[in-house]
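Notes for the one structure printed next.
The values are calculated or read from the model by the stated rules, or taken from the named source; none is laboratory data. If you're wondering where the values come from, they're calculated on a predicted model, not measured in any experiment. Cβ placement follows ideal geometry from the backbone for every residue including glycine, while neighbour counts extend to all protein chains displayed.
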Amino acid sequence: MKKMRILAALFGAALVAVTCAGDKSPWIWKIEGKTVTLKQLDEAYSGFGVLMKEQLQQRMGRFIPEDEFKQLLEDPDKSGNPQLAEMFKSFGKDLFADQYQDMLVLNMEAQKDGFAKRPDIKAKLDFLQKYFLANMYLFDSLKLQDIKISDAEAFAAWEKAKKEDPRLKTITIDQGLEMIKGRMVMAGAMEKQRNLMKVAKQKYRIDTNKDFDIAQHVKDTREEARKKREAAAQGGATPAPGAAPATPKK
């Protein structure tokens, strides 16, 4: 299961080329004569770390500073949480290396079979590249590490949170303050993101086609799909748009 989870995340990234590019670090494998080095593995692992950290922040509901993230990768047991430690161990570079090798082999297969040249695959890869570039740029621009929450602010927010949700009273003060600081950082990040997008969009001319309503288009598509589904369930043919109702046979 761990292997499949890592592979699923890897396939979300753009295709990786197998090259040396003047790299002097030790080589790990040679696949069909093409060398894969430790530096390449480290760079791939760094990219994979972006996905790991995003998943972890969503799971924990708080921002994780880069230094803390790296420390947990190096020493998972430092978290003090057995489940969290086990998850970080499953993200280890040694386990990642096996999946990276699998990914490179499958990339070669995809290229050799012409799979990567298919228009539908090119379209998906184009989207994935834009998606990851946009998100990495966004996270870098937000500079979440610069959002500082004082202990006094966190304590006041924690006291308010406990009044709104009595279940939080069972959590220790240290855990509560850590949790509330994470929430406040994420809230601050959302506000920074809104402002960043507002400023960015003002730099570009965006024209909207007034003759095409995407919401109506989706509504019409769903309605057409519903009619086809109902017609199939009744065992009848779907009438062509605008066609007159069929005349019952006598």
Inset, instruction - Could you list all residues from the range 64-114 that are among the acidic types (Asp, Glu), part of a helix (DSSP H, G or I) and more than 21 Å from Glu54 (Cα to Cα)? - result: Asp98, Asp102, Glu109
Legend entry - Residue, farthest from Val185 (Cα to Cα), within the range 126-148, restricted to residues that are surrounded by 14 or more Cβ atoms within 10 Å (Cβ to Cβ) and modelled with pLDDT of 90 or more: Leu128
Inset, instruction - Scan the range 69-87 residue by residue and report those that are closer than 24 Å to Asp146 by Cα and at pLDDT below 85. - result: Ser79
Inset, instruction - Only residues in the range 198-213 that are in contact (Cβ under 8 Å) with a residue 12 or more places away in the chain count as the first member; pair them with residues that are part of a loop (DSSP other than H, G, I, E, B) and β-branched (Val, Ile, Thr), Cβ under 6 angstrom, at least 6 apart or cross-chain, and list the lot. - result: none
Legend entry - Members of the range 115-134 that are closer than 19 Å to Val50 by Cβ and over 22 Å from the mean Cα position of the chain (by Cα): none
